[in-house]
């Protein structure tokens with residue numbers, strides 16, 4: 001049976017054009033301090049085509065489907081310290097590549113693979129020094145032109161091909177992402193319940209206590225890493241979008257915003273929940289939360305095959321804007337109707353980020369947000385906040401198999417123009433949505449979003 005990685009390599013080779021050759025390195029190892037490295041994580045493009053997680057490796061694919069892997073050679077002494085290596089002898093059978101060499105032979109073999117080819121494909125602006133490395137190999141090929149060898153005359157960005165391939169997830173990817181989302185959802189449940197239980201017991205609760213619960217649940221169920229640095233923001237810290245879990249106290253009467261997800265077998269999950277630290281919403285908290293939840297439901301309803309990527313964002317914005325008017329944080333006398341609020345971006349002080357991003361091997365996954373081949377038809381107009389002229393671009397048409405987040409929020413900082421009851425409240429609700437023909441599947445709903453369900457969960 002042909003592996004999914006071999007199928008992907010074949011699909012990529014078919015797009016390289018006659019005389020095309022693709023070069024894909026994995027990620028480098030990075031020092032953390034002195035003689036200690038950060039935990040190693042492969043390059044996503046490389047893993048997508050190989051399923052190979054060792055460092056110091058390269059993949060080369062030619063238009064005829066020939067694939068060459070360069071990897072670390074077997075070395076018994078180094079394997080005692082760093083772990084078992086696959087090695088080039090075993091690689092073809094294990095990974096389905098045509099041939100494999102020691103990475104020490106990279107320079108010599110790459111020049112051979114580039115000879116008499118027409119186009120070099122590699123991921124632009126993703127690996128420091130890669131362009132210079134490829135220039136060096138091309139220089140060596142060009143030095144042999146007098147012997148009758150021809151040198152590639154064109155360079156193309158491999159990201160343009162791989163991004164499109166990765167944008168629609170196959171069944172294997174969907175299953176992995178469902179499992180990752182399930183693990184992450186259970187981690188959120190664990191953190192919610194721990195917060196309420198510790199406060200009921202009169203214990204000192206800190207943001208890092210809840211982060212520890214997340215990390216425990218991730219690893220307990222086989223996740224290799226957090227997909228990103230976990231946000232555990234208590235009280236006013238929730239109004240800092242990229243806040244990181246720290247030492248702040250988790251207090252009775254305040255909300256906690258957790259944005260956290262695990263990575264499983266190379267695929268990310270991304271969930272945000274906002275909940276009362278003690279398990280019971282106050283009136284103002286509940287009022288603001290219900291606006292955000294209603295906006296997320298609107299974004300869910302707008303997510304289906306054939307819709308545009310911007311549709312969920314625009315649906316959420318309308319509900320959020322109307323909610324700001326209803327709660328008195330924006331006033332009709334100053335800001336007008338909901339259409340006026342949207343036109344002038346009057347919501348921006350409370351909601352300053354987008355509702356969605358692609359999700360996959362990377363948390364902010366690759367893939368264009370603009371529909372390929374569609375021309376701009378709308379006239380340029382001035383941004384109401386900056387005055388900069390903006391040319392609208394047709395946003396991406398959604399297709400079954402695409403995965404995006406749906407994550408509206410509201411963040412209220414102290415201001416004389418805002419009712420004090422809402423000060424220092426930050427709320428975001430985020431789920432992972434798999435686009436289907438008739439709507440979307442929320443893969444991360446094993447952790448509740450309804451007020452009553454959250455309170456019941458935390459009371460248990």
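Key figures for this structure:
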read-out	value
On Cα atoms only, tilt of 207-220 relative to the major axis of the chain in degrees	50 degrees
For peptides 317-325, 401-409, sequence by mean Cβ density within 10 Å, most packed first	401-409, 317-325
Protection-proxy order for peptides 428-438, 177-187, each taking the mean of Cβ atoms within 10 Å per residue, highest first	177-187, 428-438
For segment 344-423: rounded, prolate or oblate by the Cα gyration tensor [a/c cutoff 1.5]	oblate
Length-normalised contact order for the chain - Cα pairs under 8 Å, 6+ apart - percent	13 percent
For the chain, calculated [θ]222 nm from helices alone, where every DSSP H run of n ≥ 4 adds -39500 (n - 2.57)	-10500 deg cm²/dmol
Label selected from (i) 46, 28, 18; (ii) 34, 26, 23; (iii) 111, 53, 24, the criterion being semi-axes √(5λ) of the Cα gyration tensor in Å as computed here	(i)
Neighbour-count ranking [beta-carbon atoms within 10 angstrom, fewest first] of 115, 420	420, 115
Nearest 10 degrees, 0 to 90: helix 130-142 Cα axis against the chain principal axis	20 degrees
Cβ-based exposure ranking for 81, 58, 423, in which fewest neighbours within 10 Å come first	81, 423, 58
Nearest-ten-degree value, helix 171-200 long axis tilted from longest Cα axis of the chain	40 degrees
Per-residue Cβ neighbour rank within 10 angstrom, fewest leading, 80, 427	80, 427
Centre separation in Å (Cα based) which lies between segment 1-51 and segment 198-217	38 Å
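None of the figures in this text is laboratory data; all of them are computed from the coordinates on show. Computed from a predicted structure; not experimentally measured. Positions of Cβ are generated from backbone atoms using ideal geometry, with glycine treated the same way; all protein chains shown enter the neighbour counts.
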